[in-house]
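The structure under discussion appears below in the form of structure tokens.
Every number in this text was worked out from the coordinates using simple rules, so none of it is lab data. What you see is a predicted model, and the numbers here were worked out from it, not measured in a lab. For neighbour counting, all protein chains shown are included, and Cβ atoms are generated from backbone atoms with ideal geometry for every residue, glycine included.
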Amino acid sequence: MNLLKEHLLLRHRDIPNIRDIDVYTRHGGYEALRKALTDMSPLQVTDVVKASGLRGRGGAGFPTGVKWSFCPAHVRPTYVVVNADESEPGTFKDREIIENNGHQLIEGIALCAYAIGSQTAFIYGRGEFKGPFVRLQQSIDEAYQQGWLGQNILGTDFSLDVYTHLGAGAYICGEETALLDSLEGKVGMPRSRPPFPATAGLYGKPTVVNNVETLANVPPIVLHGADWYRQFGTDKSPGTKIFCLSGHVVNPGNYELPLGTPLRTLLEECGGGVPGGRAVKAILPAGVSAPLLPGDNLDLPLDYESVQQAGSMLGSASFIVMDETVDMVWAASKMVHFFKHESCGKCSPCREGTYWMNDVYHRLCQGHAWPGDVDLLLNIADQMDGNCFCLLGEFSVCPVRSSIQHFREEYEAK
Ligand SMILES: Cc1cc2nc3c(=O)[nH]c(=O)nc-3n(C[C@H](O)[C@H](O)[C@H](O)COP(=O)(O)O)c2cc1C
């Protein structure tokens, strides 16, 4: 199912073998980098990304060009760090880009590096990405061989080396500052902010951390311009987005659609609806890291603002569909167990809070609930909210509160 005439990001679905550098260059590949290096100043590259309205696809939706512009012009070295940790449950979009359209990512990295004056980039992948990273390394090797990476690219004074690094499979290492610590060889735990990575990141130097999908957007933006890019999506959420669709759907998978596309289109036209024609009970729009939405939201436009207005977050756009057969207390218990397992233990609200919530859910699901357990869960969530060192702990209260808000009777029944 393709509702776009041509994919911007999943181009391998239109052009077979685009992961080979010859195929990529035959279809306009590395032309954006050529244009930037021969025709544009670094500032102009940042400006076009700013004007495009591209927002980070890793979760927070922060404007990409604005982030780049925070990097001080006079401090060197600077680093580009690519977040390929992709650990959010239900998220599998970056992997598809890495495996099938790696050169578009590499070109995006090079454009970012040029814009912020960096000569070194690191791609940090989740520990389980061994296979995808073999493919990615092949693409990087090809780019070196053909002169798109390395010393004096296109005979200019711009040089860039790209290194890959695999973590050990910890969810917290997707959080950008924990990622930087892990990359430096330390245990991956979040840093306090400020300072933000743009001023003091990897090895204390200015660093841009961007998601894989974010950077894959940059070559078409630089090549075709901001106005061209803005023909897709909405005014405040321009462009296309890869929606990861999983759970109770006939055709799970990645679907690249303009931002603002209604949820019904994603679920029914792309996903083929719920198996057996059963009703949608709830949707998780951002993996397990945002409040779940009840199933009557099918006309919701999928852009950052609309999903927020509906009481959740678009995040990484990982849509997990739950049909009417799902026990919502059980589902929330699984999510809380995930957070308890992944809590890094640095701060007590998250370390203790996820532990206690998990304990209460265990009781609930084993049929040993105590009177007042639902309010106890809400009480723990209130104590965690706003008090955790990083967003992992804050995320963990989302499934608890939202499932109680919309399905309290299922809790009471237990
Ligand atoms: C617990 C946690 C896990 C995260 N995991 C990821 C991840 O797997 N991939 C990712 O790109 N961003 C992840 N993020 C968001 C990053 O911290 C950061 O916002 C992102 O890499 C910035 O890139 P962007 O501006 O291109 O979105 C996570 C954040 C938190 C708090």
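Ordered by the count of other Cβ atoms within 10 Å of each Cβ, fewest first, His337, His248, His27 give His27, His337, His248. Normalised by the number of residues in segment 104-251, the mean separation of alpha-carbon contacts (under 8 Å, six or more apart) gives a relative contact order of 21 percent.
Take every pair of alpha-carbon atoms less than 8 Å apart whose residues are at least six positions apart; their mean separation over the length of segment 328-413 yields a relative contact order of 38 percent. Building the convex hull from the alpha-carbon atoms of segment 240-323 and averaging its projection over directions returns 4.3 nm².
Database remark: amide H of Gly273 closer than 5 angstrom to the amide H of Val250, Asn251, Glu268 (H placed geometrically; neighbours at sequence offset of 5 or more, or on other chains; Pro and chain starts carry no H). Based on DSSP H segments of at least four residues, each scored -39500 (n - 2.57), the chain has a per-residue ellipticity at 222 nm of -12500 deg cm²/dmol.
Against the longest principal axis of the chain, how steep is helix 102-116, in degrees 0 to 90 to the nearest 10, with axes from Cα atoms? For 102-116 against the chain, the angle is about 70 degrees. In sequence order, segment 161-168 has phi-based couplings of 10, 10, 10, 9, 8, 9, x, 10 Hz under the Karplus curve 6.51 cos²θ - 1.76 cosθ + 1.60, θ = phi - 60°, and Gly or Pro positions carry x. Here the 3J(HN,Hα) profile of segment 13-23, calculated from phi with Karplus coefficients 6.51, -1.76 and 1.60 at θ = phi - 60°, is 6, 9, 10, x, 6, 5, 6, 7, 5, 5, 5 Hz, Gly and Pro shown as x. Where does helix 373-384 land angle-wise versus the long Cα axis of the chain, in degrees 0 to 90, nearest 10? In the chain, helix 373-384 runs at an angle near 30 degrees to the longest axis. What does DSSP give for segment 240-323 in terms of the percent of beta bridges that are antiparallel, rounded to the nearest 5? Roughly 65 percent of the beta bridges in segment 240-323 run antiparallel, per DSSP. Normalising the Debye intensity of the chain to I(0), with uniform scatterers on Cα atoms only, and taking log10 at q = 0.06, 0.09, 0.11 Å⁻¹ returns -0.24, -0.55, -0.81.
In terms of other Cβ atoms within 10 Å, Phe395, Phe133, Phe70 run from fewest to most in the order Phe70, Phe133, Phe395.
Under a 5 Å amide H cut-off, with hydrogens placed 1.01 Å from N, Thr261 pairs with Leu302 among residues at least 5 apart or on other chains. Shown for Thr354, Thr120: other C-beta atoms within 10 Å of each C-beta, ranked fewest to most, produce the order Thr120, Thr354. Measure nothing fancy, just the Cα-based angle from helix 130-145's long axis to the longest principal axis of the chain, in degrees from 0 to 90, nearest 10. Tilt of helix 130-145: around 20 degrees. Positive contributions from Lys and Arg (+1) and negative ones from Asp and Glu (-1), summed over other residues with Cβ under 11 Å from the Cβ of Leu136, come out at 0.
Could you tally the net charge around Val249, taking each other residue with its Cβ under 10 Å from the Cβ of Val249, Lys/Arg +1 and Asp/Glu -1? Here the charged neighbours net out to -2. Remark: for residue pairs Lys281/Lys414; Lys67/Lys236; Lys93/Lys205; Lys5/Lys241; Lys5/Lys93; Lys93/Lys186, the C-alpha separation exceeds 22 Å in Lys93/Lys205; Lys93/Lys186.
Its residue count N fixes a reference of 2.2 N^0.38 Å for segment 11-230, and the Cα radius of gyration divided by that reference is 0.93. Cross-link partners for Lys50 among the aspartates and glutamates, with Cα-Cα distance under 17 Å and sequence neighbours closer than 8 places in the same chain left out: Glu213, Asp227, Asp235. The three principal axes of the Cα atoms in segment 328-413 give end-to-end lengths of 35, 21, 19 Å, sorted in falling order. Between the listed residues Ser159, Gly204, Thr120, the Cα displaced farthest toward the positive end of the dipole of segment 119-226, a dipole computed from Cβ unit charges relative to the Cα centre, is found at Gly204.
For segment 280-296, the Karplus equation 6.51 cos²θ - 1.76 cosθ + 1.60, evaluated at θ = phi - 60°, returns couplings of 7, 8, 7, 10, 9, x, 9, x, 9, 9, 8, x, 6, 10, x, x, 8 Hz by residue, with Gly and Pro reported as x. FRET efficiency for the Glu352 to Arg264 pair, using the beta carbon distance and R₀ = 35 Å, is estimated at 0.30.
Relative contact order, whole percent, for the chain stands at 16, derived from Cα pairs under 8 Å and 6 or more residues apart.
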